[in-house]
Amino acid sequence: METEIENIRESNQNDDFDNETEELNLEPVAKKFRFYNSIIDFAAINLIAYFTEMNELVLYPLCFFLYYFIFELIFKATPGKWITKTIVTDCYGNRPSFFSFFIRTISRLIPFEPLSFLSKNGQGWHDFFSKTYVIKR
């Protein structure tokens, strides 16, 4: 994975990244930041579900899906990622496509998906299937 990132970094040294004014670091963030993002977003989703009365078993997955899909599609980040100063990107440092965000969000609904971060590289299934990365801004 590190070799892939090195190759991408070398091939994109002179490219502009999606209207960003700062240079992006394509190193995936540490697992602790991913954990912080999850805790903050989980709290936010539960608050939204509670106050919109979407906390029923049938409506909660819809709230969960809409939270991640809308925030990441529009801002490339959720409130948890804002706090930890991280963003979602593709392997080139660009904004992922609509389809990538859709696959990323649907993949989060796979049972036991949160445990996928225990893998050696720390990449969750929703990152793997959508070919996206979470990096420091």
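Treating only the Cβ atoms of Lys and Arg (+1) and Asp and Glu (-1) as charged, compute the dipole magnitude of segment 21-85 about its Cα centre; round to the nearest 20 debye.
240 debye
When the square roots of the Cα gyration tensor eigenvalues are ordered a ≥ b ≥ c, the ratio a/c for segment 59-111 is 1.5 or more and a/b does not exceed b/c, which makes its shape oblate.
Rg over Rh for segment 19-137 works out to 0.95, both radii taken from alpha-carbon positions and Rh defined as the Kirkwood radius. Within straight-line reach of LYS31, meaning a Cα separation under 17 Å, sit the following lysines at least 8 residues removed in sequence or on another chain: LYS81, LYS85, LYS120, LYS136.
Since every read-out is calculated from the coordinates, none of them should be taken as a lab result. Since this is a predicted model, take the numbers as computed values, not measurements. Heads up, the Cβs are rebuilt from the backbone with ideal geometry, glycines too, and the neighbour counts pull from every protein chain shown.
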